[in-house]
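Worksheet: one structure, shown below.
The values are calculated or read from the model by the stated rules, or taken from the named source; none is laboratory data. Not measured: the values here are computed from a predicted model. For neighbour counting, all protein chains shown are included, and Cβ atoms are generated from backbone atoms with ideal geometry for every residue, glycine included. Protein only, heavy atoms only, side chains kept; ligands, DNA and RNA dropped before computing areas. Shrake-Rupley method; radii C 1.70, N 1.55, O 1.52, S 1.80 Å.
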Amino acid sequence: MSYKQLPLADHHDGSANESSRTQHVQDEETPLDRGVFGSANALHTAISIAAGTVMTLFGYEQGVFGGIIVGRDFLEYFDDPSPAMQGFVVSVYDLGCFFGALLTLVVGEKLGRKRMLIIFTIIMGAGIVLQTASHNMTEMVWGRLIAGIGNGGNTATAPVWHVETSHPSAKGKAVVKEMAVNVLGFVISNFVTLAFSGYTTELQWRFPLGVQLVFVAIILVMVPLLPESARWLLARKRDDEARYVLRLLNDHDIEEEFEQIRGSVKAEQAAQGSWSQLLKGGLATRRVVLGMVLQVAQQLSGINVLAYYLPVVLHKSVGLPQLTARIAASANAVSFFLTTLASIFFVDRVGRRPLLMAGAALMAFAFLGVAIGVGLGFALPESRGPGIAATVFIWLYFTSFSTGWISVPWSVYILQNSWSFDWLMNWAVVQTTPPGIHHLRWGLYLIYAVFNAAFVPLVYYIVVETHGLSLEDTDHWFEQNPGWFVHNAGSSGGANTAKRDGRPGRLLVADDHEAMMRAFEVAADDDDASLGSESPVTRRGSYPMIE
């Protein structure tokens, strides 16, 4: 019997332990149907590939337009758009992503992870088709916007689905792995645009856009064959299906894991918040604001000045010939991917605050070097030295960003609200870059050097250290440390934090935990609308920050 054939679980109260045990025995007797996947490990691998393809497509979209908008054929076909128009056609994609991310807040918990991925992938595919077939800039803009809506929904859903279906031991590094495959997409886009840069026909830009449909096809073929998140099923009181999914994903007894997830879901829903709580200035407000601050800082670090427009920067600012700029951008993309992969091995061994502060300092230094190199290049157009120096500093920036800033902002008390806000900041940066390159020249890079320098004290004074803390530990830390300034505060979860293998472990059960559980059981007798699935607080994340 497939998990998709199981009926909805009946509502039950907390006293139905004997019924639960009976159902558990019945579930164990139900034959597993993993379809084309022969084992639990194969199923996990397939989920990783499907979710990774979503993030790879995201990375490809980030890099592809910078590679085609520098091409002469593209510019001539669209009547030489102004720098402002170039910025708009690239950045409107991020506005679409913003709207797509907002849609997940409205309908995501109702539809589930799989259906969301399928729907938004179809939307993204439609946008890609429109871009590829565009005959004027209006069609291209609409294609970018529609593709962005699809990507915004996908990237808000795929990482959550991936982590919620992962083995507990694999959850901690999932965010970094998602970012690594995102950078892989960026690498692929650079090499595809480089490979087609020699064509003097529409193929130069239509193929790099259209080839994205390969990623769309992979997602649409794989996702329907894979299981839904057990955590989402439990949140909808579909316990039988959730237990069956866990059996599909494990070769050992799943009852302990089932009860842990069920307890975690109950705790989150019993402690549900409301939108009004976010406006009262308390703990919920602080968590949201801190999440948004890190998202703003990540975007104002200048990553998408270079990620979206690297061939343009190297050609128009640094002064490299177009082909040389494309080759240098591709080589840098490979280095960026490798350093991001390397960060997987130490991101959970070093504190978040040191990584962010050291990274910001190095990125400030790198952008200062880029500004100086670009400025000297304009003053000494016959000299190659400034251009070479600027290119080296760009490489230093990407390396510094990959060691912490690429992943840490996504693993530190981030809410889905912050994910939506990130797209707005992304749009602002991408929109203003072409005019900035054209009018400010070296001054554009100096601005980002100042921003990064400012992030060092920002992190030092207000960013909480979450290294070694689970989500519950982090909650407790905020409760024990209500002040905004944290530079003199400890990073431990306090007396109630257990030690596990020499580091902080999960928070021990508080005295009022049983009362909270009883409150949930009362709420569970109502219909699904009472479960708090639309609460912005419960959607802050449904898995431990680290394991």
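In terms of packing, defined here as the mean over residues of other Cβ atoms within 10 angstrom, the peptides 38-48, 235-245 line up highest first as 235-245, 38-48. The modelled label-to-label distance between ARG72 and VAL289, using points 7 Å beyond Cα along the C-beta direction, is 5.4 nm. Rounded to the nearest 10 square angstrom, TRP205 shows an accessible area of 0 square angstrom against a 1.4 Å probe. Karplus-derived 3J(HN,Hα) values for the range 243-253, using 6.51 cos²θ - 1.76 cosθ + 1.60 with θ = phi - 60°, are 5, 5, 4, 5, 5, 4, 8, 9, 9, 10, 4 Hz; glycine and proline are entered as x.
Projected over every direction and averaged, the convex hull enclosing the alpha-carbon atoms of the range 33-88 yields 5.8 nm². 3J(HN,Hα) couplings calculated from phi for the range 351-356 with the Karplus curve 6.51 cos²θ - 1.76 cosθ + 1.60 (θ = phi - 60°) are, in sequence order, x, 5, 4, x, 4, 5 Hz; Gly and Pro show x.
Using the Cβ-Cβ distance between HIS438 and ASN41 with R0 = 51 Å, the FRET efficiency computed as 1/(1 + (r/R0)^6) comes to roughly 0.45.
Between the beta carbons of VAL392 and ASP79, assuming R0 = 45 Å, the FRET efficiency works out to 0.80 to the nearest 0.05.
Packing, taken as the mean count of other beta carbons within 10 Å per residue, orders the peptides 310-321, 75-86 from highest to lowest as 310-321, 75-86. Between ARG115 and VAL214, the modelled labels are 3.3 nm apart [label points 7 Å from Cα along Cα→Cβ]. Summary of the geometry: the range 105-126 and the range 46-68, compared by the centres of their Cα atoms, lie 17 Å apart.
Measuring only protein heavy atoms, the 1.4 Å probe finds PHE421 accessible over about 60 Å². For the range 323-328, 3J(HN,Hα) computed residue by residue from phi via the Karplus equation (6.51, -1.76, 1.60; θ = phi - 60°) reads 5, 4, 4, 5, 5, 5 Hz, glycine and proline entered as x. Approximating the spin labels as points 7 Å out from Cα along Cα→Cβ, the THR324-to-HIS252 distance works out to 5.7 nm.
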